[in-house]
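Below is one structure, written out as C-alpha coordinates, with a few remarks after it.
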Amino acid sequence: LQEWSQASVGEWKLQLDTFVDSLHESGARWLTVCPYAGPSGSEDEIATIVLAACGGQRNDNRISFIAKDGLVVVVDLCANGRERFANALNRIKGESGSTRQEKEVSEEILRAAM
(Lines give C-alpha, C1' and ligand atoms only; values in the text may rest on other atoms or scores of the structure.)
Protein backbone atom coordinates (compact mmCIF):
# COMPACT_ATOMS: atom_id res chain seq x y z
CA LEU A 1 0.00 0.00 0.00
CA GLN A 2 2.92 2.35 0.52
CA GLU A 3 3.73 2.24 -3.18
CA TRP A 4 0.05 2.80 -4.00
CA SER A 5 -0.15 5.88 -1.77
CA GLN A 6 2.91 7.39 -3.46
CA ALA A 7 1.45 7.13 -6.98
CA SER A 8 0.03 10.29 -8.52
CA VAL A 9 -3.35 10.63 -10.20
CA GLY A 10 -1.61 10.46 -13.58
CA GLU A 11 0.31 7.32 -12.63
CA TRP A 12 -2.88 5.63 -11.44
CA LYS A 13 -4.69 6.57 -14.64
CA LEU A 14 -1.84 5.23 -16.78
CA GLN A 15 -1.64 1.98 -14.81
CA LEU A 16 -5.39 1.32 -14.88
CA ASP A 17 -5.63 2.25 -18.57
CA THR A 18 -2.77 -0.19 -19.28
CA PHE A 19 -4.58 -2.99 -17.45
CA VAL A 20 -7.84 -2.25 -19.27
CA ASP A 21 -6.12 -2.04 -22.67
CA SER A 22 -4.35 -5.36 -22.08
CA LEU A 23 -7.72 -7.04 -21.45
CA HIS A 24 -9.60 -5.19 -24.19
CA GLU A 25 -9.97 -8.11 -26.61
CA SER A 26 -9.80 -10.97 -24.11
CA GLY A 27 -13.52 -11.12 -23.39
CA ALA A 28 -12.94 -10.47 -19.68
CA ARG A 29 -15.97 -9.08 -17.87
CA TRP A 30 -14.20 -7.72 -14.82
CA LEU A 31 -10.77 -6.92 -13.44
CA THR A 32 -9.86 -6.70 -9.78
CA VAL A 33 -6.69 -4.92 -8.77
CA CYS A 34 -5.51 -5.46 -5.20
CA PRO A 35 -2.32 -4.97 -3.20
CA TYR A 36 -0.41 -7.96 -1.92
CA ALA A 37 1.13 -6.43 1.20
CA GLY A 38 1.31 -3.39 3.39
CA PRO A 39 -0.15 -1.98 6.56
CA SER A 40 -3.59 -0.47 6.46
CA GLY A 41 -4.28 3.13 7.29
CA SER A 42 -3.77 4.92 4.00
CA GLU A 43 -6.90 3.61 2.25
CA ASP A 44 -8.75 6.94 2.32
CA GLU A 45 -5.79 8.77 0.79
CA ILE A 46 -5.39 6.13 -1.93
CA ALA A 47 -9.13 6.08 -2.61
CA THR A 48 -9.14 9.83 -3.21
CA ILE A 49 -6.32 9.49 -5.75
CA VAL A 50 -7.88 6.50 -7.54
CA LEU A 51 -11.28 8.20 -7.75
CA ALA A 52 -9.63 11.29 -9.23
CA ALA A 53 -7.87 9.08 -11.78
CA CYS A 54 -10.79 6.97 -12.96
CA GLY A 55 -14.03 8.17 -11.42
CA GLY A 56 -16.37 5.48 -10.28
CA GLN A 57 -17.71 4.96 -6.82
CA ARG A 58 -16.35 3.80 -3.49
CA ASN A 59 -17.97 1.14 -1.33
CA ASP A 60 -15.94 0.53 1.83
CA ASN A 61 -12.43 -0.29 0.62
CA ARG A 62 -13.44 -1.05 -2.97
CA ILE A 63 -13.61 1.39 -5.85
CA SER A 64 -15.54 0.32 -8.95
CA PHE A 65 -15.87 1.83 -12.39
CA ILE A 66 -16.93 0.77 -15.87
CA ALA A 67 -14.13 0.85 -18.45
CA LYS A 68 -14.29 0.38 -22.22
CA ASP A 69 -16.58 -2.33 -23.59
CA GLY A 70 -18.30 -2.60 -20.21
CA LEU A 71 -15.31 -4.07 -18.35
CA VAL A 72 -15.98 -3.69 -14.64
CA VAL A 73 -12.81 -2.63 -12.83
CA VAL A 74 -12.57 -2.98 -9.06
CA VAL A 75 -9.66 -1.54 -7.11
CA ASP A 76 -9.68 -3.30 -3.73
CA LEU A 77 -7.61 -1.44 -1.16
CA CYS A 78 -7.42 -4.36 1.28
CA ALA A 79 -3.87 -5.78 1.36
CA ASN A 80 -4.82 -8.80 3.50
CA GLY A 81 -5.96 -11.71 1.32
CA ARG A 82 -7.73 -13.47 4.20
CA GLU A 83 -9.62 -10.30 5.02
CA ARG A 84 -10.59 -9.85 1.34
CA PHE A 85 -11.92 -13.43 1.26
CA ALA A 86 -13.88 -12.93 4.50
CA ASN A 87 -15.28 -9.63 3.18
CA ALA A 88 -16.40 -11.34 -0.04
CA LEU A 89 -18.20 -14.07 1.91
CA ASN A 90 -19.87 -11.45 4.10
CA ARG A 91 -21.07 -9.56 1.00
CA ILE A 92 -22.58 -12.78 -0.35
CA LYS A 93 -24.11 -13.63 3.02
CA GLY A 94 -25.60 -10.13 3.19
CA GLU A 95 -27.66 -10.68 0.04
CA SER A 96 -31.25 -11.62 0.63
CA GLY A 97 -32.31 -15.17 -0.12
CA SER A 98 -34.54 -13.97 -2.93
CA THR A 99 -31.61 -12.19 -4.54
CA ARG A 100 -29.53 -15.37 -4.56
CA GLN A 101 -32.58 -17.63 -4.79
CA GLU A 102 -31.07 -19.74 -1.98
CA LYS A 103 -28.39 -21.09 -4.31
CA GLU A 104 -25.19 -22.52 -2.97
CA VAL A 105 -22.19 -20.22 -3.13
CA SER A 106 -20.67 -21.09 -6.47
CA GLU A 107 -17.24 -20.24 -7.80
CA GLU A 108 -18.84 -17.63 -10.09
CA ILE A 109 -20.71 -15.94 -7.23
CA LEU A 110 -17.57 -15.89 -5.09
CA ARG A 111 -15.44 -14.59 -7.96
CA ALA A 112 -17.88 -11.72 -8.53
CA ALA A 113 -17.83 -10.84 -4.84
CA MET A 114 -14.05 -10.85 -4.69
Residue by residue through the range 1-53, note down the ones that are outside any loop (DSSP other than H, G, I, E, B) and either aromatic (Phe, Trp, Tyr) or closer than 20 Å to Ala112 by Cβ (or both).
Trp4, Trp12, Leu16, Phe19, Val20, Leu23, Trp30, Leu31, Thr32, Val33
Tell me which residues, restricted to the range 47-61, are closer than 11 Å to Cys78 by Cα and either touching an Asp or Glu at 6+ places or on another chain (Cβ under 7 Å) or polar (S, T, N, Q) (or both).
Asn61
Flag for Glu95 being at pLDDT below 70, of a type in the set (D, E, K, R) and loosely packed, with under 14 Cβ neighbours inside 10 Å:
yes
Going through the range 54-70 one residue at a time, which ones are part of a strand (DSSP E or B) and of a type outside the set (S, T, N, Q)?
Arg58, Arg62, Ile63, Phe65, Ile66
Name, by its number, the condition in (1) surrounded by 13 or more Cβ atoms within 10 Å (Cβ to Cβ); (2) out of contact with any Cys (no Cβ under 8 Å at 6 or more places or on another chain) that does not hold for Tyr36.
(1)
Among the numbered conditions (1) touching a residue at least 60 places away in the same chain (Cβ under 8 Å); (2) closer than 24 Å to Glu108 by Cβ; (3) in contact with a Gly (Cβ under 6 Å, 6 or more places away or on another chain), tell me where Ser64 comes up short.
(1)
May I ask you to verify whether Glu83 is in a helix (DSSP H, G or I), more than 12 Å from the chain's Cα centre (by Cα) and loosely packed, with under 14 Cβ neighbours inside 10 Å?
yes
Residues within the range 36-59 that are among the hydroxyl-bearing types (Ser, Thr, Tyr) and under 14 Å from the mean Cα position of the chain (by Cα), tallied:
1
Pull up the range 1-46, narrow it to residues that are in contact with a Lys or Arg (Cβ under 9 Å, 6 or more places away or on another chain) and farther than 18 Å from Cys78 by Cβ, then point me to the one that is modelled with the lowest pLDDT.
His24
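The values are calculated or read from the model by the stated rules, or taken from the named source; none is laboratory data. Since we're looking at a predicted model, the values are computed, not measured. As a convention, Cβ positions derive from the backbone with ideal geometry for all residues, glycine included, and neighbour counts pool all protein chains shown.
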